[in-house]
């Protein structure tokens with residue numbers, strides 16, 4: 001059996017990460033819960049993020065917000081999304097987990 005080695009297209013993968021940051025309600029909810037829960041910054045009248053309706057949240061997440069969740073600078077997020085630098089496997093798996101997507105939904109392979 002011949003196994004074909006796959007190589008990741010980091011620029012296309014970064015584009016998918018950008019699109020997730022721009023429009024993934026589950027990722028937004030996670031970031032909101034980490035950064036705003038229990039503070040006066042939460043605009044929702046709901047007592048918890050689980051009860052917060054999507055109409056209370058903008059689906060877009062800023063780079064600084066996401067960077068804070070990952071414990072990196074916003075330029076690192078920019079580099080991941082532009083494909084300038086590869087995202088580490090631990091960060092990639094964490095990204096998948098909090099956005100509720102599979103690794104195959106994010107990775108793009110060179111053809």
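The values are calculated or read from the model by the stated rules, or taken from the named source; none is laboratory data. Here the structure is a predicted model, which means the values were calculated and not measured. Don't worry about glycine lacking a Cβ; one is built from the backbone with ideal geometry, like all the others, and counts go over all protein chains shown.
Hey, does region 63-81 have a residue that's part of a loop (DSSP other than H, G, I, E, B), buried (at least 16 other Cβ atoms within 10 Å of the Cβ) and at pLDDT below 95? Looking for residues that are part of a loop (DSSP other than H, G, I, E, B), buried (at least 16 other Cβ atoms within 10 Å of the Cβ) and at pLDDT below 95, one finds none in region 63-81, hence no.
Would you be able to say whether some residue in region 21-37 is outside any helix (DSSP H, G or I) and either farther than 30 Å from residue 111 by Cα or at pLDDT below 85 (or both)? Yes - at least one qualifying residue is present in region 21-37. For region 93-110, the set of residues classified as over 20 Å from residue 33 (Cα atoms) and free of Cβ contacts under 8 Å to residues at least 40 places away in the same chain consists of 102, 103, 104, listed by residue number. Please go through region 82-92 and give me each residue that is in contact (Cβ under 8 Å) with a residue 24 or more places away in the chain and assigned to a helix (DSSP H, G or I), ordered by number. Result: 82, single match. In this structure, residue 106 does satisfy being crowded, with 16+ Cβ neighbours inside 10 Å and either within 16 Å of residue 8 (Cα to Cα) or at pLDDT below 95 (or both).
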